[in-house]
Structure formats: C-alpha cells, structure tokens
C-alpha cells in the first residue's frame, strides 16, 4: 500500500499538534488544581484569623468593661480614703495645738497604757509576748521628746483598736508548748476572745484554755476533727460554717 509523502507529513503534524495540545490541557488542569488548593488553604487561614480577631475583640470588650467597673470602685474608695485622711489630719492638728495641756495628756496616756498592760495580762493568753511587747513599746514612746503628742496618742489609740479587733476575728498561728514534758510544735486557733485552742501538727493532741482556772485543758485529740475544720476556715481553706468547740460563758458580773 502506498502512502504519499504529503499524507505522512500531515499526519505527523497532526500528531504533534495533538500531543502539544494535550500537554497544554494537562498543565492547565494542574494549574487549576494547585490554584484551588491554594485558595482553600488561604480561606482556612482567613477563617482562622476571623475567629481569632473575634475572640480578641470580645476579650478587649470584657477587659474594658472590667476596667471601667474597677475604676469606678477605685474612685469611690479613694474618696473615702481622702475623707478619712482629712478627718485624721484635723484631729491630729487639734491635738498638736494642745501643747499647753501636754502636762495633763501625757499622764493620761500613761494610765491608758497601764490599763492596757493589765488587761493583756488578765486576758486569754493568745499572742501574749507580742501584745506585751506592744505595750512595752508604748511605754518607751511616750517618754521620747522627739515624738509629738499627736503621734503618741495615735500609737496608743492603735493599740486599743488592735485589742478591740481581736474580739471580732478568728485566726491561727504557729507556736509551741510543753506536752507530756516535751516541747511540741502546735497550731493555735483563736475564736475571738471567747476561745483559745491548740492542736499538734498531726491533730493527735488537742486542748483549750480555761480562763477561769488559768490552765490548759488537754483533750487528747478529742477535738481533732472540730479543730481541723476551724483551722481550715480561719485559713480560708474551707467556707464559713458552724464551729463546734467548747467555749466559756462571758462573765458579766464584773468580778
């Protein structure tokens, strides 16, 4: 069979064109697939950025609202503090202006300190060394010529205020005491002024102070559960709750 040379050339050209066209089509498809993939990745990034921007926006709004609330509260507190400072300054100025009556004020302050010392010695013996040290310091201050009368009065007043606050609070503090002829580390729990208790660190030894007899009553751990609950409340490790501990009646007879 004869095939003309022209036909062979035409056929070759057709095959080349077809092959070239197929390559272009394949490249175009690959390019579109890559572009589509890049577009999806870009969209995911845009979506993530949108979510993050919204979260940041709402956090910013919450922060601004909290700041405004705290600023208002802070401004109110500052007004109260300023008013109190002004009142204290006026009182101290008035006291300073009484230099002519210092000869009467200083003996009066001395009597107040002596009364405070006697009170601490007769009171439930919590933080006794610290409280006596405070009274000793007051005795030294009122004899110092470089301390104004107003400052002396303020120090005495603060000591009285501190003693008053003891009656309205509870607290725990570490210490030691002799148990079975052995010095033992303990935790003290103070319930206002109506109760003072102790517990060994393992809660196996407990007791309380009997102010009428001026002695410690040792309960051999019978108060361990109650004291642990009370100590946790005082240390803010448990919510406020009823405290089941022995207390002494307040003596209102004046004796």
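Annotation: of all residues in region 242-251 being modelled with pLDDT under 85 and loosely packed, with under 12 Cβ neighbours inside 10 Å, the one that is farthest from residue 226 (Cα to Cα) is 251. Taking the residues in region 86-125 that are outside any helix (DSSP H, G or I) and at pLDDT below 90 as candidates, determine which candidate is surrounded by the fewest Cβ atoms within 10 Å (Cβ to Cβ). Looking at the filtered set, the residue picked out is 97. Residue 170 falls short on exactly one of the conditions (1) surrounded by 14 or more Cβ atoms within 10 Å (Cβ to Cβ); (2) more than 18 Å from residue 236 (Cβ to Cβ), and that condition is (2). On the given criteria, is residue 64 touching a helix residue (DSSP H, G or I) at 6+ places or on another chain (Cβ under 8 Å) and not assigned by TED's automatic domain parsing to the domain that holds residue 175? Judged against the criteria, residue 64 is not a match. State whether one or more residues within region 201-210 are outside any strand (DSSP E or B) and closer than 30 Å to residue 94 by Cα. For region 201-210, residues outside any strand (DSSP E or B) and closer than 30 Å to residue 94 by Cα: absent. Take the conditions (1) within 17 Å of residue 126 (Cα to Cα); (2) touching a helix residue (DSSP H, G or I) at 6+ places or on another chain (Cβ under 6 Å); residue 211 misses just one of them, which is (2).
Restricting 201, 223, 227 to residues that are in contact with a strand residue (DSSP E or B) (Cβ under 7 Å, 6 or more places away or on another chain), modelled with pLDDT of 90 or more and loosely packed, with under 14 Cβ neighbours inside 10 Å narrows the list to 201.
Within the option set 74, 139, being assigned to a helix (DSSP H, G or I), at pLDDT below 90 and either outside the structural domain of residue 221 (by TED's automatic domain parsing) or surrounded by 10 or more Cβ atoms within 10 Å (Cβ to Cβ) (or both) holds for one residue only, 74.
The values are calculated or read from the model by the stated rules, or taken from the named source; none is laboratory data. Worth saying up front: this structure is predicted, and the values here are computed from it rather than measured. Quick reminder, even Gly has a Cβ in these numbers, built from the backbone with ideal geometry, and neighbours come from all protein chains shown.
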